[in-house]
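The values are calculated or read from the model by the stated rules, or taken from the named source; none is laboratory data. These numbers come from a predicted model, not from an experiment. With ideal geometry, Cβ positions are generated from the backbone for all residues, glycine too; neighbour counts draw on all protein chains shown. Please note that ligands, DNA and RNA were not included when accessible areas were found on the heavy atoms of the full protein model with its side chains. Shrake-Rupley method; radii C 1.70, N 1.55, O 1.52, S 1.80 Å.
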Amino acid sequence: MQNPPAKDGEKRPMSDHCDVWVNEVDDGYVIVAENRDKIEYTSMFDFAESENLDMVLADNVKKTADMKCECVLQPGECVNICHLQVADLDAESFELKYKVKCTATETVKKKKPDYPHRRMKYAPKKEGERRRMDDTCDIWINETDNGYVLVGENRDSLPYDTKFDFTKSENLKLYVNAAAGVTEYEKMKVAVELKPKSIINICHLEGLEDVEFFDLQYKVDCKKRIPQKVDPLPRKPRLSGEKRVMDETCDIWINEEEDGYVLVIENRDEDWPYKVEFDFGKSENLNLRCHEKENVE
């Protein structure tokens, strides 16, 4: 095999930047490969169907099977691949038959996997499907390469109690944004409080590996938490209801109201205070509200 490799025989273009040369010599053939590109190429040769030829490889070429070989061509490199020598000089003939494949072996930088817990740290995006809850609250469904990220936006001054049900989704795994207070209270069911004037990533639904498809189906319940209007206790105690005499100078009055009862205590003793304890434990369907300004506990 000549050095530098000869390129005076039959030329077989493999690509715009890679060629194979078949040079005839006295005792057979010399195969040469040339790479004019800026990236590596891998050349694979199969001479198994040749007749009356033996394969002698160059130093940088790897034998992969009987009469088969492989060589990595560096950018700008032209090399001898092998010498196919006549095996039996007394035989009437010899014949070269071969298959060759030349492929670029570009170096691909692997992207760091985008794990769900990292997705939750991204700034929430409002670029997917928008589902309006009311005038001040929206849910956004952003598609990713492997699933969906759900975003909640609350533009109100009051919080929203929000629940999602993903139980009818197919081939999706749920990851919640625990750092934002999102919880999975049942399997594939999520609860979160959307705080006033906030936008957050709620959860990531990731497609399972080795499946042909995944499908997102969900129900959402989003309610604004409106404080209940509470009527203040009467400023001036009224002694107009049921009277319960405790002793000669102390009475309890039970005044009926539209939404319940107001209890009043009256101490007419000018010298001694009274300490009174009430137990409403057996009452039904009533909430207790104490008059804090009068030191009632």
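Among the protein heavy atoms, those of Met246 account for about 100 Å² of accessible surface (1.4 Å probe, every chain in place). Across the cross-link table entries Lys168/Lys197; Lys189/Lys282; Lys62/Lys99; Lys38/Lys101, which are compared at the Cα atoms, the separations over 25 Å belong to Lys168/Lys197; Lys189/Lys282. Rolled with a 1.4 Å probe across the full set of protein chains, the surface gives Tyr98 an accessible area near 50 Å².
The relative contact order of the chain comes to 11 percent, based on Cα pairs under 8 Å that sit 6 or more residues apart. The trypsin sites (Lys or Arg not before Pro) of the stretch 116-222 that meet both conditions, a loop assignment by DSSP and at most 16 other Cβ atoms within 10 Å of the site Cβ, are Lys121, Lys125, Lys126, Arg155, Lys168, Lys187, Lys197. With Rh defined as the Kirkwood radius, the inverse of the mean 1/r over Cα pairs, the Rg/Rh of the stretch 154-238 is 1.23. Here the simple spin-label model places points 7 Å from the Cα toward Cβ, and for Glu277 and Gln217 these points are separated by 5.8 nm. The accessible-area ordering, largest first, of the residues Val192, Val262 stands as Val262, Val192, per a 1.4 angstrom probe. Label sites at Asn60 and Asp251, each approximated as a point 7 angstrom past Cα along Cα to Cβ, lie 11.4 nm apart.
Given the choices [x] 1, 5, 11, 15, 18, 16, 13, 9, 5, 3, 1, 0, 0, 0; [y] 1, 4, 8, 9, 7, 4, 4, 4, 5, 6, 6, 6, 6, 5, 4, 2, 2, 2, 2, 2, 2, 3, 2, 2, 1, 1, 0, 0, 0; [z] 1, 5, 10, 13, 13, 12, 10, 8, 8, 7, 5, 4, 3, 2, 1, 0, 0, P(r) over Cα pairs in 5 Å bins from 0, in percent derived from the coordinates of this structure is entry [y]. Cα convex hull, the stretch 25-72: 87 Å³ per residue, rounded to a whole number. Heavy-atom accessible area, probed at 1.4 angstrom with all protein chains present, ranks Asp66, Asp247 as Asp66, Asp247, highest first. Put Asp259, Asp165, Asp88 in order of accessible area, highest first, and with a 1.4 Å probe you get Asp259, Asp88, Asp165. Between Ala48 and Lys97, full extension at 0.36 nm per residue minus the direct alpha carbon distance yields a gain of 16.9 nm. The H on the amide N of Cys78, modeled in the peptide plane, is under 5 Å from the matching H of Asn35, each at least 5 residues off or on a different chain.
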